[in-house]
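The values are calculated or read from the model by the stated rules, or taken from the named source; none is laboratory data. Since we're looking at a predicted model, the values are computed, not measured. Here Cβ is always computed from backbone atoms with ideal geometry, including for glycine, and neighbour counts include all displayed protein chains. When the accessible area is computed, the model is the full protein with side chains, heavy atoms only, and any ligands, DNA or RNA have been set aside. Shrake-Rupley method; radii C 1.70, N 1.55, O 1.52, S 1.80 Å.
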Amino acid sequence: MTDPDVRDAIMTATYEALCEKGYSDLTAQSIADRTDRSKSALFYHYDSREALVAELIEYLIEGFESRVAKTRDQPALERLVAFIDWFLSAPDDDERAFHTALLELRAQAPYNDVFREKLRESDAHLRHALVEILQDGIEEGVFRDHDPDAIATLLLAAFDGARIRQVTLDRNEYLETISTGVVDHILADVLAPDTELPAEASFTFPRDERLRNDEETPAETATDAAEPRDTDE
């Protein structure tokens, strides 16, 4: 078992190298250069580049689970806004680099059993978290009665499609179009009649006032948006 501090350092270095180099050009040396360890010392803990990247996916899953646990006591609507914001907010340069590297890993998955299983595990955690939010929202009365599994599947497929096109084509309008569609067509059917989305939600992008489930109301009546996701993990 790798010491937690050592693991944190190696995983941080792997993440940074993957974002900068992409998977195709990722080397053990490029990872070691970002730590105080040699390449041979790196292979003492992980015996291949594949093992390092597989461990990174597991590490990111753990970080996601930690963020979910911290927000579990918040209202379901705030959690849903934060979840969508995570996927559909326009990325900065670092996030764009990570999504590009992740796309490379997805491209390897059909031919790599290890990556495929890790990515399937990641997808299962995302689906479970979203289904849990939707189920809690039904119980809280902020969402209509619906099939959380079906809505979660639809939302994740839409998010992934928009992000892939944004990464590969460098066109943010896909994120904007999907965010509009999610608000106007999916969430409009999911939100309870008296429930409103926070107008400040960053995934909505600057555009006209089409965020309400019912008639337009003054912006000051909207609830505060959820806090940005924790990036310290």
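Quick check on segment 110-117. Is at least one of its residues open to solvent by 20 Å² or more (accessible area, probe 1.4 Å), of a type in the set (A, V, I, L, M), without any contact (Cβ under 8 Å) to a residue 24 or more places away in the chain and out of contact with any strand residue (DSSP E or B) (no Cβ under 8 Å at 6 or more places or on another chain)?
Keep residues of segment 110-117 that are open to solvent by 20 Å² or more (accessible area, probe 1.4 Å), which gives 110-114, 116-117.
Applying the additional criterion that residues be of a type in the set (A, V, I, L, M) yields 114.
From the residues that got through so far, the ones that are without any contact (Cβ under 8 Å) to a residue 24 or more places away in the chain too are none.
Checked segment 110-117: no residue is open to solvent by 20 Å² or more (accessible area, probe 1.4 Å), of a type in the set (A, V, I, L, M), without any contact (Cβ under 8 Å) to a residue 24 or more places away in the chain and out of contact with any strand residue (DSSP E or B) (no Cβ under 8 Å at 6 or more places or on another chain).
If I filter segment 134-146 for residues that are under 15 Å from the mean Cα position of the chain (by Cα) and surrounded by fewer than 16 Cβ atoms within 10 Å (Cβ to Cβ), do I get at least one hit? Spell out the reasoning first.
Our first condition is that a residue be under 15 Å from the mean Cα position of the chain (by Cα); within segment 134-146, this holds for none.
Taking every residue of segment 134-146 in turn, none turns out to be under 15 Å from the mean Cα position of the chain (by Cα) and surrounded by fewer than 16 Cβ atoms within 10 Å (Cβ to Cβ).
When you check Asp208 against the structure, is it open to solvent by 50 Å² or more (accessible area, probe 1.4 Å), at pLDDT 90 or above, assigned to a loop (DSSP other than H, G, I, E, B) and not hydroxyl-bearing (Ser, Thr, Tyr), yes or no?
On the way: open to solvent by 50 Å² or more (accessible area, probe 1.4 Å): yes; at pLDDT 90 or above: no; assigned to a loop (DSSP other than H, G, I, E, B): yes; not hydroxyl-bearing (Ser, Thr, Tyr): yes.
No; evaluated as a whole, the condition is false for this residue.
Out of segment 109-133, which residues are assigned to a helix (DSSP H, G or I), over 17 Å from the mean Cα position of the chain (by Cα) and not hydroxyl-bearing (Ser, Thr, Tyr)?
So in segment 109-133, the residues assigned to a helix (DSSP H, G or I) come out as 109-111, 113-133.
From what is left, the residues that are over 17 Å from the mean Cα position of the chain (by Cα) are 109-111, 113-117.
Hits for segment 109-133 are Ala109, Pro110, Asp113, Val114, Phe115, Arg116, Glu117.
Since Asp3 meets every condition but one in (1) exposed (fewer than 14 other Cβ atoms within 10 Å of the Cβ); (2) within 22 Å of Arg163 (Cα to Cα), which condition does it not meet?
Only one criterion is unmet by Asp3, namely (2).
So is Phe159 part of a helix (DSSP H, G or I), aromatic (Phe, Trp, Tyr) and within 21 Å of Glu50 (Cβ to Cβ) or not?
Values: part of a helix (DSSP H, G or I): yes; aromatic (Phe, Trp, Tyr): yes; within 21 Å of Glu50 (Cβ to Cβ): no.
Against the criterion (part of a helix (DSSP H, G or I), aromatic (Phe, Trp, Tyr) and within 21 Å of Glu50 (Cβ to Cβ)), Phe159 does not qualify.
Could you run through segment 152-176 and say how many residues are open to solvent by 70 Å² or more (accessible area, probe 1.4 Å) and either closer than 18 Å to Leu187 by Cα or without any contact (Cβ under 8 Å) to a residue 40 or more places away in the chain (or both)?
8
Could you tell me whether Asp123 is in contact with a helix residue (DSSP H, G or I) (Cβ under 9 Å, 6 or more places away or on another chain) and either open to solvent by 60 Å² or more (accessible area, probe 1.4 Å) or at pLDDT below 90 (or both)? Even if it seems obvious, please write down each step before you answer.
On the way: in contact with a helix residue (DSSP H, G or I) (Cβ under 9 Å, 6 or more places away or on another chain): yes; either open to solvent by 60 Å² or more (accessible area, probe 1.4 Å) or at pLDDT below 90 (or both): yes.
Answer is yes for this residue.
Failed condition for Thr195, given (1) buried (at least 18 other Cβ atoms within 10 Å of the Cβ); (2) at pLDDT 85 or above; (3) not in a loop (DSSP other than H, G, I, E, B), with all others met?
(3)
Which ranges mark the helices (runs of 4 or more DSSP H) fully within segment 20-108 that have 2 or more residues being open to solvent by 40 Å² or more (accessible area, probe 1.4 Å)? Working first, answer last.
Numbers: elements: 28-32, 39-45, 49-71, 76-88, 93-108.
So the answer is 39-45, 49-71, 76-88, 93-108.
What pairs can you find where one residue is in segment 86-98 and touching a residue at least 40 places away in the same chain (Cβ under 8 Å) and at positive phi, the other is open to solvent by 40 Å² or more (accessible area, probe 1.4 Å) and not in a loop (DSSP other than H, G, I, E, B), and their Cβ atoms are less than 8 Å apart, with a gap of 6+ or different chains?
Taking only residues 6 or more apart or on different chains, not a single pair turns up.
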